[in-house]
Amino acid sequence: MAHSHPVKRSPTTATRRTALKAMAAAALLGPSVMVPTLTSATPGAGKEHFASKRQEERESTKFSAKAIYLDPRITTERDEFEALVTLIDRTELNALVLDIKEIGVYYDTDVAFFHDVGAVAPRYDVTDYLRTLKEHDIYTIARLVSFKDPITPLARPDLAVTDEITGEIWRDGGDETWLNPFAEEVWEATTDLAREAAELGFDEVQFDYVRLPDGNIRTANFGPVPYTYEARTDAIASFLSMGKDKLAPLNAKVSADIFGYSLLVENGDDLGIGHDPSVLAPAVDYLCPMVYPSHFPEGSLAVDGHPNDFPYETIEISLILGEAKLPGEISRFRPWLQDFYLPGLSDYTAEDVRAQIDAAEAIGTSGWMIWDPNNRYHEAAFATGE
């Protein structure tokens with residue numbers, strides 16, 4: 001279960017785990033509630049109403065981010081960026097997730113490491129974007145892809161996951177290269193970038209691909225560290241703790257994207273990638289499970305068909321199991337929800353998006369985030385001014 005980026009304006013594609021564990025874990029819950037009916041949006045004050053409401057929320061002790069995602073490789077023009085800001089202004093949305101690193105670093109960073117490896121590829125004026133977002137009182141989340149990296153391993157193979165047979169850089173099933181999650185030099189550079197993002201004014205840094213690679217890793221070489229549950233989870237938790245320590249003096253939050261399926265398996269199972277929510281939770285402010293209904297295989301949840309066709313129930317079951325892992329701490333979760341479709345599955349409508357939101361809010365999460373790799377969202381899924 002991972003974020004993926006298709007060609008612009010096409011349906012998203014996504015890799016699926018070849019071996020998902022404990023397929024019947026959620027069946028213990030039995031049938032779930034029906035998807036509630038989406039009520040019509042109420043016209044009203046729009047921008048002014050939500051600007052005031054966002055300010056009130058930010059001043060409260062429990063802030064719930066309601067975010068959409070922006071990939072600067074897709075939303076390339078400033079007027080497109082402004083259109084998303086306007087969407088946030090006129091709806092209940094109050095936050096934006098903005099990529100700062102995936103295929104390189106997307107602004108002109110001062111962190112020398114990324115210049116040295118040739119990974120700086122500016123896509124936007126970060127100061128300009130942040131100024132605009134602050135003017136609109138929009139909570140800003142910097143998405144930072146951590147260990148999957150198509151550039152740095154080529155320049156620094158000593159920091160890469162290598163192939164123990166060939167000695168070359170190891171590649172996953174999608175021909176992607178990975179930095180070694182056990183390499184502390186990688187931790188230092190990545191968390192330095194996170195600290196810089198907070199210094200620039202981001203309210204939060206969200207670490208994505210903060211895991212070991214999944215799939216067929218038979219020949220993957222991670223160095224002398226034993227490939228055990230304890231070593232994997234300790235590496236990811238230690239990396240996140242380093243980030244949290246660096247951001248704490250700047251009053252910036254830290255979050256981490258985790259596989260949605262990690263909520264379904266028992267504690268002590270990290271899916272082989274270092275994702276055990278009970279271990280990672282102390283290292284972050286928010287855990288962000290990618291509970292996209294399309295990504296759960298049929299038969300993995302107690303629903304009458306493919307989870308893609310049961311958006312409310314899928315989110316509800318997943319988050320109830322997540323809360324069972326962290327009793328009394330459901331507010332530590334802020335899930336990623338889907339506003340996209342996978343080929344072969346039903347397209348998603350505003351009602352489907354809203355159903356996921358309603359489920360997350362009914363459970364009591366600290367907000368939610370909507371993922372569409374094409375940055376095109378169903379506005380009717382969001383409440384408007386009251």
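The values are calculated or read from the model by the stated rules, or taken from the named source; none is laboratory data. Computed from a predicted model, the values in this text were never measured in an experiment. No Cβ is skipped: glycine too gets one built from the backbone with ideal geometry, and neighbour counts run over all protein chains shown.
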*For region 168-192, which residues satisfy the criterion of being within 19 Å of the chain's Cα centre (by Cα) and crowded, with 22+ Cβ neighbours inside 10 Å?*
178, 179, 181, 190, 191
*Counting only residues that are charged (D, E, K, R) and in contact with a Phe, Trp or Tyr (Cβ under 8 Å, 6 or more places away or on another chain), which one in region 197-213 is nearest to residue 135 (Cα to Cα)?*
203
_Consider region 111-145. How many of its residues are of a type outside the set (Gly, Ala, Ser) and closer than 16 Å to residue 186 by Cα?_
9
*Does residue 164 qualify as being exposed (fewer than 14 other Cβ atoms within 10 Å of the Cβ) and touching a strand residue (DSSP E or B) at 6+ places or on another chain (Cβ under 6 Å)?*
yes
*So which of 79, 89 ends up being acidic (Asp, Glu), closer than 23 Å to residue 206 by Cα and either surrounded by fewer than 17 Cβ atoms within 10 Å (Cβ to Cβ) or modelled with pLDDT of 95 or more (or both)?*
89
*Filtered residues of region 95-115 (kept if touching a Gly at 6+ places or on another chain (Cβ under 8 Å) and under 16 Å from residue 202 (Cα atoms))*: 95
*Select, from 229, 261, the only residue that is within 21 Å of residue 176 (Cβ to Cβ) and not hydrophobic (A, V, I, L, M, F, W, C).*
261
*Looking at residue 208, is it in contact with a strand residue (DSSP E or B) (Cβ under 6 Å, 6 or more places away or on another chain) and acidic (Asp, Glu)?*
yes
_Candidate set from region 201-236 (those that are part of a helix (DSSP H, G or I) and of a type in the set (Gly, Ala, Ser)); member that is farthest from the chain's Cα centre (by Cα)_ = 231
*Answer yes or no as to whether residue 276 is charged (D, E, K, R) and either over 16 Å from residue 210 (Cβ atoms) or buried (at least 20 other Cβ atoms within 10 Å of the Cβ) (or both).*
yes
_Scan of region 333-350 for residues that are surrounded by fewer than 18 Cβ atoms within 10 Å (Cβ to Cβ) and at negative phi, ordered by number_ = 341, 343, 345, 346, 347, 349, 350
*Restricting attention to region 83-91, does a residue exist that is among the basic types (Lys, Arg), over 29 Å from residue 156 (Cβ atoms), in contact with a helix residue (DSSP H, G or I) (Cβ under 8 Å, 6 or more places away or on another chain) and not in a helix (DSSP H, G or I)?*
yes
*Checking residue 73 against (1) farther than 21 Å from residue 152 by Cβ; (2) not in a strand (DSSP E or B), which test does it fail?*
(1)
_I need a count of the residues in region 104-120 that are crowded, with 17+ Cβ neighbours inside 10 Å and outside any strand (DSSP E or B)._
8
*Tally the residues that are surrounded by fewer than 24 Cβ atoms within 10 Å (Cβ to Cβ), in a loop (DSSP other than H, G, I, E, B) and touching a residue at least 24 places away in the same chain (Cβ under 8 Å), restricting the search to region 285-299.*
3
*Would you pick out the residues in region 253-269 that are part of a loop (DSSP other than H, G, I, E, B) and crowded, with 24+ Cβ neighbours inside 10 Å?*
264
_For region 181-200, which positions are part of a loop (DSSP other than H, G, I, E, B) and either polar (S, T, N, Q) or over 14 Å from residue 152 (Cα atoms) (or both)?_
182
_Residues satisfying the stated conditions in region 207-228, i.e. hydroxyl-bearing (Ser, Thr, Tyr) and closer than 30 Å to residue 252 by Cα_ = 209
_Test for residue 376: is it at pLDDT 95 or above, within 16 Å of residue 91 (Cβ to Cβ) and either crowded, with 19+ Cβ neighbours inside 10 Å or among the basic types (Lys, Arg) (or both)_ = yes
*Residues of region 126-180 being more than 24 Å from residue 254 (Cβ to Cβ) and assigned to a strand (DSSP E or B), which ones?*
160, 162, 163, 169, 171, 177
